[in-house]
Every structure is written in C-alpha cells, then in structure tokens.
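Asker: Structure below; questions to follow.
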Amino acid sequence: MFARSGISAAPNAGSGRAGSSDSGGGGGGGGGGVAAGSIELLCPPSGSSSISGSGSFSSGSGNNSTSTTATNSASFISVSVSASTPASASASASTADCSESNNNANANRNLSLQLSNNNSSSNSHNNNNNNSTNANANNNNNHNNYGSGANLISGICTTIWRTATFGSAAPIASVMAIANNSNSNSNSNSNASSSSNNSNSSSCVGASSYSSSASSISPGVVDEVCIVEQQLSQRTVATNTNLHAMQDNEESQTFLGATDLDDELIKQLPKEVLLRVFSYLDVVSLCRCAQVCKYWNVLALDGSSWQKINLFDFQRDIEGPVIENISQRCGGFLKSLSLRGCQSVGDQSIKTLANHCHNIEHLDLSECKKITDISVTDISRYCSKLTAINLDSCSNITDNSLKYISDGCPNLLEINASWCHLISENGVEALARGCIKLRKLSSKGCKQINDNAIMCLAKYCPDLMVLNLHSCETISDSSIRQLAASCPKLQKLCVSKCVELTDLSLMALSQHNQQLNTLEVSGCRNFTDIGFQALGRNCKYLERMDLEECSQITDLTLAHLATGCPSLEKLTLSHCELITDDGIRHLTTGSCAAESLSVLELDNCPLITDRTLEHLVSCHNLQRIELFDCQLISRAAIRKLKNHLPNIKVHAYFAPVTPPAVTTGHRPRYCRCCEIL
C-alpha cells in the first residue's frame, strides 16, 4: 500500500546502535562516540497526500544518554526523525553561546515541525514530550546539545516534507499563509504569536547547530532552513503591523462609532427602508439621526418622516419661527401636531401652518394663550380634513371659532373647548349643525352652555359617544333625558357640578344608554339610592363611577352596584357621609370585588372603621385606597391590610395627637405670635 523510502547520514559511522527509552536512561552498543541518523518516511501512492513515519532522537556519551520519541500528527502530514550526535567538546562549545535562548524558548524543543493546525490530542502529546525531554536533558547536562539537534532536525524534516509533497523546496511561509487564510481571526493571531516565538528562539540555536554539524548537512539545506526562518520572522512582523493598523483604525472611528465602511453600508440601504424606519421615531431621535451623516440628514429632515409631531417637551423654547419652518418643511405630510403649552405661538404661526399643511388631521392647541379666532379661521379655510382639534384653555376663543369649524371641517369627530368661557349655546348649536359626525365634545367649565345647546347636540349628533359637561351649572333633567334618548351610543358622560340634576336623569340613562361605562356625577347632591338602583339594574358595563359628594346615597346604593355592575374598576365615594362598614361589606361580596375593583376612594367617610379594611382583604385586585380624614381607621388595621395585599397603596392622613392640657403654672393669655403682632 505504501512505499518505503529511507535517507541516512553517518558522518562518523560506528558499530554501535543508539537506544531509545522514555525514562531517559538507556544504553548504546559499542562505539560510544558514534553519531548516526536516519529518516524513514512512508510515502503514499500517487493520488494521496498523506505521509506518515516514526523515529527517535538520542544524545549522550558513556552510560548516560537521553532518548525521546516524538510523533507529530497533522491534518495532512506526519514526520518523525531519528538521529544520534556525539557529546564532543567542540559541539558543546559551539552551542554554549545560545544556551540562554534555549532556556527561554520551550516551544522550540519539539522534535517535529508542526506545519498545519494540529488536533488537541497531538498538542497534548507534544507538550508531554517537551516536558520529558527538558527534564532528561537537565539531569545529564546535555541541554544545549539537545536543543541544537532538535532545531536542526526540524529544518531537515521541513525540507523533506516540502520535497515529497510539492516536488520542490517551496517556501514554508506561503504554505502557512494559505492555511491561515482559511482560519478565523483568532486562530490567525494565535499562529502568528507562535511563529514569532519559534523564529526568535531558534535563530541562534540554528546557527550553532549548523556550525557543529556542517560535516553531516549540506550547505544548501542549511541555507534553505535559514531562508524559511527569515520568512517566518518577516511574516510575524507583518502580522504585528496589521494588528497595530487595526487598532489605529478603531481609534480613528467617529464619535458615533461609524467608520467609512459603515457609512458605505448605510448608503447601500434603500431610501424607502430608511424613511420607513424614521417614520417611527420621535422628534429628538430624528434630530439625532440628522447628525450622523449628510445622507441621513437629508432623509431624517424629509417631510415624510415628520407626520406626527409632539412639541410638548419643548413648550418653553418653541416660538413662532420654529412652527413656520416645520410647516414649510413638512408640507402635506404632516397629519398630527401637538403644540400643547406652547404659549409663544401666535396667529401668524398657525396661519403659516394652515397654508402649508392641508392634510393635517389632529391639531392640539391647548394652553396656547395667544391663539384667537383668526387662527381658527385659517384652519377651517385650508384644513378641511381636520378630525380632531383641542382648544382647551384658549381663553380668547369665542363662538365664532366654532362657527368657522362647522363651516370648514365637516369631518370633525372630536373637539375640546374646555374652559373657553366665551363659548355659549350659539357656538355649540352652530357646531352641531355643521359637524354631524361629532363623537366627542368636551365643554368643561363653559358655564354659558345651557339646555338648548345640549338639545341641539342630541338632535344633530346622534353618534355622540363622549360628552363632558363638568360645571355647566344650568343643565337640567330635560336636556339630559333628550340626550339619553337621542344618543344611544353614549359611553362616557360627565355631569359633575351640575347641581340641578335629579334621579330622573339617572333613570333616563339607565333606560336608553346601556353601553355606558363611565359616569361622573360628583357634586350632584340631589341623586339618591333610587337613581343608582336603576343604573345598577340596567348598566352592566359600568367601569368607573365618581359619586363624590353625593351626600344622599347610603349602603343600599353599594348593594345595587355590587350585584349589577360586575366590571366596576374604580369607585369614588369621598364625602358620602352615610356610607358605613355594611355598605363596603356588600360591595366586597359582589361579583366585581374579587376580580375588577382596583381603586376605592373613601375620603371623609366618618362612619368607616377598621372593619372596612377587614372586608377589603377579599379584593385581590385592589391597588389603591384613599382614607384621608377617616378618623376611625387605625394604623394597625392598615398594616394588617398591607400584609394581605402587599402591592396595595394606602393613602391616609392621621391628625397629630393633641398635647395634654397644662395643669400647673400660669397659662399665657396670648400665644407668642399674637404678642409679636
């Protein structure tokens, strides 16, 4: 199967035969001064690239000798050498100058030259051979001669392998470069470091070995080994240079961590992809992206990336010119703009906005104190697609603004005119006639809105779902009853501080608005248990109820709500002075307590005691409870409730303890403050 080929060199042939032993002690035959070497290779047949062999190296004189057997296994070659050198005085003298180099380079004491990536078992075997060889050489004082012979034979093996594999003495550096190109960067760095150590430590040893064994090795082989070592050294220097260049390149990156290559990769992304990504970013993120590079600057400031803008976080810095620049840049792309709290914005900025942004749909101008009817005029003229506008706390807005909106914005769905004190029934009537699709109206604090305005809404806006009439004090039962009958989709209603309303309004709501989920009736003192009993019987979807200051309701209301409203999440009973522990007990035994109830406010309920907190233990979803000025609640009961519900937040206030009366001494007639005054 394999052909056997042999190469031998015997400069001083003798009858003795070198022995081999792992223990380091062995005997040779007659002729102790004999040096002989042989190399035996098993050459594969044509078409195969595998070469195998075995051998040993022995050095010594007299009865003391060192012997080492080494086998080098590679992915494509295995070479082993056997040789024997005399321990003559001339050889020792020629290698004495390089003993320090050999002591500092244990990696060069291997008998075989690794030409490819060895497996883990081969590496472990070579390390063991190195350790055994070092120990035996130190015991016999032949360390220098052994290191010289090892490097010399390694060079011979290199030449033979190259000749057998490639047919010529090809430079080993090129072969290793080809192998290294297929490895990862980490393996390349490791191989470069190993090559550097081998070349540095073997240069001196090789020189001494060549001088001591010139009679046995031809000059051509020695020169070739030197060339190989020089190429390995040059390759190590080149590798170190590349590493330093990579470090310098990393240090030259920009402050955003992007190099020129990164910029090129970024530019390769399609414009449509980047614009789609930018469309999800807020204002701050877009401004940061605009500082990355020129390409990103153009795309980040493109109008398509600014469809939704919220400038609330910059309300103190935003002035008119900023709005005008944004309007001109965004143009028809802008669909949603929030200027809430931007008090420096005036009519001129809004006019520019309306002239350039015809497709705007959502506009928030709340707390813009300088906005007047002029701004609304421009909006209604150019922004016909407007569906939601917020004019909360714009104190200069009048009925004329509502008339302009009704004429120019027929698709309006939501409007907030809270705390616009100049709005009256005329403005609301005009709005209702022109915006019949209206679904949400908030007129909180508009005291001039009366029953006529509510009746117009009920007549022309049947799809109304949310209505806030907080503090519209002139509202009566007649308008609420007509609203309930005409707007069956009503879901949220706030009539807090509408003090003229009675149970008739609650009965009408329970009869016609069974989808009602939020009801705020704070301050409606005329409501009693009868009205809430009707709500609890028909409105099964109630989730939030504010019954603050409904002073006439009792525990019976809580009993009806507990049985009829299983989805109740938030309940406010503050200042309901007739509520007792029994009412809370009814509430906690209902279907809403264990699963839904999360917030319960009991401020200023003087009849509430520690028993209430004991009942609330069963409300596993309860997250917050208000107990301000509940004088009969103790700290111990609160701690006990927290032990059962560790995630609950209890807000309570305990008045300071009254100091004991002074029984001795003269009591001053006036306090210190009165004396000063």
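Asker: Quick one: would you say Leu464 is open to solvent by less than 10 Å² (accessible area, probe 1.4 Å), farther than 20 Å from Gly564 by Cβ and either within 44 Å of the chain's Cα centre (by Cα) or of a type outside the set (Phe, Trp, Tyr) (or both)?
Answerer: Considered against the rule, which asks whether it is open to solvent by less than 10 Å² (accessible area, probe 1.4 Å), farther than 20 Å from Gly564 by Cβ and either within 44 Å of the chain's Cα centre (by Cα) or of a type outside the set (Phe, Trp, Tyr) (or both), Leu464 comes out as yes.
Asker: Could you check Cys576 against (1) out of contact with any Ser or Thr (no Cβ under 9 Å at 6 or more places or on another chain); (2) modelled with pLDDT of 95 or more; (3) not acidic (Asp, Glu) and say which number it fails?
Answerer: With respect to (1) out of contact with any Ser or Thr (no Cβ under 9 Å at 6 or more places or on another chain); (2) modelled with pLDDT of 95 or more; (3) not acidic (Asp, Glu), Cys576 is out only on (1).
Asker: Which pairs turn up if I take residues in region 633-654 that are farther than 19 Å from Asp603 by Cβ and look for partners that are of a type in the set (Asp, Glu) and open to solvent by 60 Å² or more (accessible area, probe 1.4 Å) with beta carbon separation below 8 Å, at least 6 apart in sequence or on another chain?
Answerer: Qualifying pairs under 8 Å: Lys640/Glu614.
Asker: Still on this structure: Among Leu501, Leu519, which is in contact with a Phe, Trp or Tyr (Cβ under 8 Å, 6 or more places away or on another chain) and either at positive phi or not aromatic (Phe, Trp, Tyr) (or both)?
Answerer: The unique qualifying residue is Leu501.
Asker: I need every pair where a residue in region 590-611 that is in contact (Cβ under 8 Å) with a residue 60 or more places away in the chain has its Cβ under 6 Å from the Cβ of a residue that is outside any helix (DSSP H, G or I) and open to solvent by 30 Å² or more (accessible area, probe 1.4 Å), sequence separation at least 6 or different chains.
Answerer: Listed pairs, sorted by first residue: none to list.
Asker: Restricting attention to region 416-457, and to residues there that are charged (D, E, K, R) and over 50 Å from the mean Cα position of the chain (by Cα), which single residue is least open to solvent (accessible area, probe 1.4 Å)?
Answerer: Asp451
Asker: So which residues in region 608-619 are in contact with a helix residue (DSSP H, G or I) (Cβ under 6 Å, 6 or more places away or on another chain) and open to solvent by 10 Å² or more (accessible area, probe 1.4 Å)?
Answerer: Across region 608-619, the qualifying residues are Thr609, Asp610, Arg611, His615, Val617, Ser618.
Asker: Since Phe312 meets every condition but one in (1) open to solvent by 10 Å² or more (accessible area, probe 1.4 Å); (2) touching a Lys or Arg at 6+ places or on another chain (Cβ under 8 Å); (3) closer than 24 Å to Leu402 by Cα, which condition does it not meet?
Answerer: (3)
Asker: When region 593-615 is examined, which residues are found to be touching a strand residue (DSSP E or B) at 6+ places or on another chain (Cβ under 9 Å) and more than 13 Å from Ala652 (Cβ to Cβ)?
Answerer: Leu597, Ser598, Val599, Pro606, Leu607, Thr609, listed by residue number.
Asker: So which residues in region 582-599 are surrounded by 23 or more Cβ atoms within 10 Å (Cβ to Cβ) and either assigned to a loop (DSSP other than H, G, I, E, B) or among the hydrophobic types (A, V, I, L, M, F, W, C) (or both), if there are any at all?
Answerer: Once the filter is applied, which keeps residues that are surrounded by 23 or more Cβ atoms within 10 Å (Cβ to Cβ) and either assigned to a loop (DSSP other than H, G, I, E, B) or among the hydrophobic types (A, V, I, L, M, F, W, C) (or both), region 582-599 yields Ile584, Leu587, Cys592, Ala593, Leu597.
Asker: Sticking with this structure for a sec: Filter region 390-415 for residues that are open to solvent by 10 Å² or more (accessible area, probe 1.4 Å) and in contact with a strand residue (DSSP E or B) (Cβ under 9 Å, 6 or more places away or on another chain); which is farthest from Cys446 (Cα to Cα)?
Answerer: Only one residue tops the list, namely Leu413.
Asker: Quickly run through region 372-387 and pick out the residues that are part of a loop (DSSP other than H, G, I, E, B) and closer than 20 Å to Cys435 by Cβ.
Answerer: Across region 372-387, the qualifying residues are Cys383, Ser384, Lys385, Leu386, Thr387.
Asker: Please go through region 378-389 and pick out each residue that is open to solvent by less than 30 Å² (accessible area, probe 1.4 Å) and more than 43 Å from the chain's Cα centre (by Cα).
Answerer: Asp378, Ser380
Asker: If you don't mind, another one. Residue check: is Asp603 over 26 Å from Ser478 (Cβ atoms) and charged (D, E, K, R)?
Answerer: Judged against the criteria, Asp603 is a match.
Asker: Among the numbered criteria (1) farther than 21 Å from Gln515 by Cα; (2) open to solvent by 40 Å² or more (accessible area, probe 1.4 Å), which one does Cys605 miss?
Answerer: (2)
Asker: Let me ask you something else. Is it the case that Leu571 is under 23 Å from Lys440 (Cα atoms) and open to solvent by less than 10 Å² (accessible area, probe 1.4 Å)?
Answerer: No: the conditions fail for Leu571.
Asker: Another question about this same structure. Taking the residues in region 351-373 that are under 23 Å from Ile423 (Cα atoms) and polar (S, T, N, Q) as candidates, determine which candidate is least open to solvent (accessible area, probe 1.4 Å).
Answerer: Ser366
Asker: Test of understanding: among Tyr280, Tyr295, which residue is modelled with pLDDT of 80 or more and assigned to a loop (DSSP other than H, G, I, E, B)?
Answerer: Residue meeting the stated conditions: Tyr280.
Asker: Next up: Any chance region 549-557 includes a residue that's over 23 Å from Ala485 (Cβ atoms), polar (S, T, N, Q) and surrounded by 22 or more Cβ atoms within 10 Å (Cβ to Cβ)?
Answerer: yes
Asker: Continuing with the same structure: Quick check, is Leu422 under 23 Å from Asp392 (Cα atoms), among the aliphatic types (A, V, I, L, M) and outside any loop (DSSP other than H, G, I, E, B)?
Answerer: In short, no.
Asker: Given the conditions (1) open to solvent by less than 60 Å² (accessible area, probe 1.4 Å); (2) closer than 25 Å to Ser366 by Cβ, and given that Asn538 satisfies all but one, which numbered condition is not satisfied?
Answerer: (2)
Asker: I'd like to verify a number: residues in region 324-371 that are part of a loop (DSSP other than H, G, I, E, B) and either at pLDDT 95 or above or under 38 Å from the mean Cα position of the chain (by Cα) (or both), how many?
Answerer: The number of residues fulfilling the criteria is 18.
Asker: For region 600-621, name all the residues that are under 16 Å from Met545 (Cα atoms) and assigned to a loop (DSSP other than H, G, I, E, B).
Answerer: Correct list: Leu602, Asp603.
The values are calculated or read from the model by the stated rules, or taken from the named source; none is laboratory data. Worth saying up front: this structure is predicted, and the values here are computed from it rather than measured. All Cβ positions, even for glycine, are placed from backbone atoms using ideal geometry, and neighbour counts span all protein chains on display. Accessible surface areas use protein heavy atoms only, side chains included; no ligands, DNA or RNA. Shrake-Rupley method; radii C 1.70, N 1.55, O 1.52, S 1.80 Å.
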